[in-house]
Amino acid sequence: MTFHVSSSPHVRGVETTSRIMFDVVIALLPTTLWGIYWFGLNAFLVIVASVASAVLAEYLYEKLMKKKLTVRDGSAIVTGLLIGLNMPPEVPLWIPILGSFFAIIVVKQLYGGIGQNFMNPALAARCFLVISFAKYMTNFTVDAVSTATPLYVIKTGGEFDLLDMFIGRCGGTIGEVSALAILIGAAYLLVRRVISVRIPLSYILSFLVFELIFSGRGLDAEYYLAQIFGGGLMIGAWFMATDYVTSPITKVGQIVYGIIIGVLTGIFRIYGNSAEGVSFAIIITNLLVPFIEKFTQPVPFGMGRKQFSFEKKGGKA
Amino acid sequence: MNKYTERIYNGVVKENPTFVMMLGMCPTLAVTSSAFNGFGMGMTTMVVLVMSNLVISLLRNVIPDRVRIPAYIVVVATLVTIVQLLLQAYIPVLNELLGIYIPLIVVNCIILGRAEAYAGKHSPVLSVMDGIGMGLGFTIGLTAIGVFREILGSGSVLGYQIIPEDYHISIFVMAPGAFFVLAMLTALQNKLKAPSATNTEEKKDCADCSACALSGNCTRMNSGKGGDE
């Protein structure tokens, strides 16, 4: 009989980073395929370019900096895929490539690589590109005809077809148009327990409540459904806000985090210049995550009342 | 290097206000959207800095210690007003480009910092040299940031367009771009191990020279004792 002596943890889960990332890629497939089917060849090229350049950026940076190669864990693939899905279909290919390099090198690697970035790399890259190349990033076309996104149509008081928006027969970025495909992917992630409903649900509900109070549309159900299914809210709520690295780990914290994103999205959509506000709402809330975690730290049983302070209590706070 | 040129070396390299001391961040981030703006701001600050160092150094035995900060501010504010009026009269273009940031030189921490740390304790000539060094360092820092932001953000070098409009990364002429460029240049300065006040060489106990990153360049290698100081 042999005795093994080792320090904890003694029981390990089967989830590894690469398995989780693989699950996310599978969950993103429906919306990716719909985007390629609906927008055509250039959408496919954009996605290939962004994924390939994200992986290349990670490889080159880690090689040049003589760091451990983390290309195999698949996180760069997910980042690249999300960047591709956030691009308008007719964007020139160098834009997603620039975005991938920015996401991987500036947002992720400069802060220490996987697990260390304080902001969702894909969304930070999207915001970087939207600010820098507004002309390309807001040019939405369907079948080579420039179209307005449903959200823009709603904002300017036009007519919209709710069923088309739900299925994805409308203008927008490659991955955000089909709420149906995103929900299929989200269901897969929920079944696989990769994500929980806390963040997406609190996000969507708080957004809905905010819209109910401040949009001034009364009880126009069609308008609210269009706000939820239109634009980046669905892909943002299920795939971007739930990023492990940039969302809180405490259960209460996740709900608080979802609510803050919901309120910010509402503010940006109702009062902002642009019809969209999901990406900025999420990356701003990403910055608040350390504080949310600090405020919602659970108290171990029997340790008495929670005492909050910003002071470091010995060691690493 | 005598003590006068040492002040200049100190201001430009060793204690560069922008990349080493991280002083005067407000103008550094706000007005460096082009190389000319950065240069103009740097030179304006340098003029004020040299004069304020001179005046404060001359007055250092007159100003009572307890009210020195208000006294310094009065001196600096007077000088800034003079410089602004001069700019309005002779270089109105620069005056319009820098706008509110000229009056804000009054509260620039480089100027108060040098008054407090140097000019208030040293002779007028040395203080003037210190002002020139710090001012040059600040000008170089701002111009360098401005050059990169101008190339990336508006695709031009000193106003001459070299990159077509479509490829301008316009975030670089906005506030975030200033942070990116400042951080990158500071990182580069650290990476190249430029001699600076914050970049002092670490003293390690190196038993084995072959495993050391410095191998070949280490000053202690030839002593044969492997760093037993």
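Taken per residue, the accessible surface of the protein assembly as shown reaches 52 Å², heavy atoms only and a 1.4 Å probe.
Roughly how large is the B-A contact in terms of buried accessible area, totalled over both chains, probe 1.4 Å, nearest 100 Å²? In total, this chain pair buries about 800 Å². Buried by at least 10 Å² relative to the chain on its own: which residues of the range A:114-138 qualify, computing accessible area with a 1.4 Å probe on protein heavy atoms? In the range A:114-138, residues shielded by partner chains: A:128, A:131, A:132, A:133, A:135, A:136.
Using 0.36 nm per residue, how much length does the chain from residue A:169 to residue A:249 gain when fully extended, once their Cα-Cα distance is taken away?
Numbers: separation 80, 0.36 × 80 = 28.80 nm, distance 3.62 nm.
Separation in residues times 0.36 nm, less the Cα-Cα distance, equals 25.2 nm.
Placing dummy labels 7 Å off each Cα toward the beta-carbon, the span from residue A:288 to residue A:45 is 4.1 nm.
Quote the charge dipole size of the range A:17-295 about the Cα centre in Debye, to the nearest 20; the model charges only the Cβ of Lys and Arg (+1) and of Asp and Glu (-1).
Values: 18 positive and 16 negative charges, 211 e Å.
Roughly 1020 debye, rounded to the nearest 20.
Every helix of 4 or more DSSP H residues in chain A counts as -39500 (n - 2.57), and over all residues that averages to -17500 deg cm²/dmol at 222 nm. Solvent-accessible area assigned to carbon and sulfur over the protein assembly as shown amounts to 66 percent, based on a 1.4 Å probe. Spacing of the modelled spin labels on residue B:185 and residue A:161, each 7 Å from Cα toward Cβ, amounts to 5.5 nm.
In terms of accessible area, using a 1.4 Å probe and ignoring ligands and nucleic acids, B:9, A:271, B:118 rank largest first as A:271, B:9, B:118.
For the range B:77-184, the percent of C-alpha pairs falling in each 10 Å distance bin, counted from 0 to the bin holding the largest distance, reads 13, 31, 35, 17, 4, 0.
What full-extension length gain, to one decimal in nm, is calculated for residue B:125 and residue B:90 as 0.36 nm per residue of separation minus the Cα-Cα distance?
9.8 nm
The candidates B:104, A:233, B:158, A:264, arranged from most to least accessible area with a 1.4 Å probe in the full protein assembly, appear as B:158, B:104, A:264, A:233.
Model label points for residue A:25 and residue A:183, set 7 angstrom from Cα along the Cα-to-Cβ axis, are 2.8 nm apart. Here the range A:64-147 is treated as a sphere whose radius is the Kirkwood value from Cα pairs; by Stokes-Einstein at 37 °C and 0.692 mPa s it diffuses with a coefficient of 242 µm²/s.
Measuring between their Cα centroids, the range A:205-241 and the range B:133-151 lie 47 Å from each other. Average 1/r across all pairs of distinct alpha carbons in the range A:18-86, invert it, and you get the Kirkwood radius: 12.5 Å.
Report, as a whole number in µm² per second, the diffusion coefficient that Stokes-Einstein gives for the range A:69-219 at 10 °C and 1.306 mPa s using the Kirkwood radius over alpha carbon pairs. Walk me through the intermediate numbers first.
Working: Rh = 17.5 Å.
Answer from the Stokes-Einstein relation: 91 µm²/s.
Given a 1.4 Å probe and the protein chains as shown, residue A:247 ends up with an accessible area of around 10 Å².
Computed over the protein assembly as shown, the range of Cα coordinates on each principal axis works out to 80, 80, 54 Å, biggest value leading.
Any chance you could give the angle, 0 to 90 degrees and rounded to 10, that helix A:17-39 forms with the longest Cα principal axis of chain A? Value to nearest ten degrees: 0.
Rank these residues by their accessible area, most exposed first, probe 1.4 Å: A:10, A:4, B:168, B:122. Before the final figure, lay out the partial values.
Values: A:10 130, A:4 170, B:168 20, B:122 60 Å².
These residues rank, largest area first, as A:4, A:10, B:122, B:168.
Relative to the longest principal axis of the C-alpha atoms of chain A, give the angle of the C-alpha long axis of helix A:278-295, reported between 0 and 90° and rounded to the nearest 10°. Taking the Cα atoms of chain A, the angle to A:278-295 is about 20 degrees. Just to verify a number: what accessible area does residue B:65 come out at with the full protein assembly present, 1.4 Å probe, Å² rounded to tens? Here the accessible area works out near 110 Å². For residue A:245, the solvent-accessible surface computed with a 1.4 Å probe is close to 50 Å², ligands and nucleic acids excluded.
Relative to one another, the C-alpha centroids of the range B:85-102 and the range B:174-194 are positioned 28 Å apart. Each distinct pair of alpha carbons in chain A adds a 1/r term; the inverse of their mean, the Kirkwood radius, is 20.5 Å.
Relative to the longest principal axis of the Cα atoms of chain A, the long axis of helix A:251-271 makes an angle of roughly 20 degrees. With R₀ set to 22 Å, the beta-carbon distance separating residue A:110 from residue B:162 gives a calculated FRET efficiency near 0.20. Extension gain for residue A:190-residue A:4 works out to 63.3 nm (0.36 nm per residue, less the C-alpha to C-alpha distance). At an R0 of 45 angstrom, the distance between the Cβ atoms of residue B:3 and residue B:73 translates into a FRET efficiency of 0.95.
The values are calculated or read from the model by the stated rules, or taken from the named source; none is laboratory data. This one's a predicted model, so the numbers in the text were calculated from it and none came from an experiment. Counting neighbours? That spans all protein chains shown, and the Cβs are built from the backbone with ideal geometry, glycine included. Remember, those area values only see protein heavy atoms, side chains included, never the ligands or the DNA or RNA. Shrake-Rupley method; radii C 1.70, N 1.55, O 1.52, S 1.80 Å.
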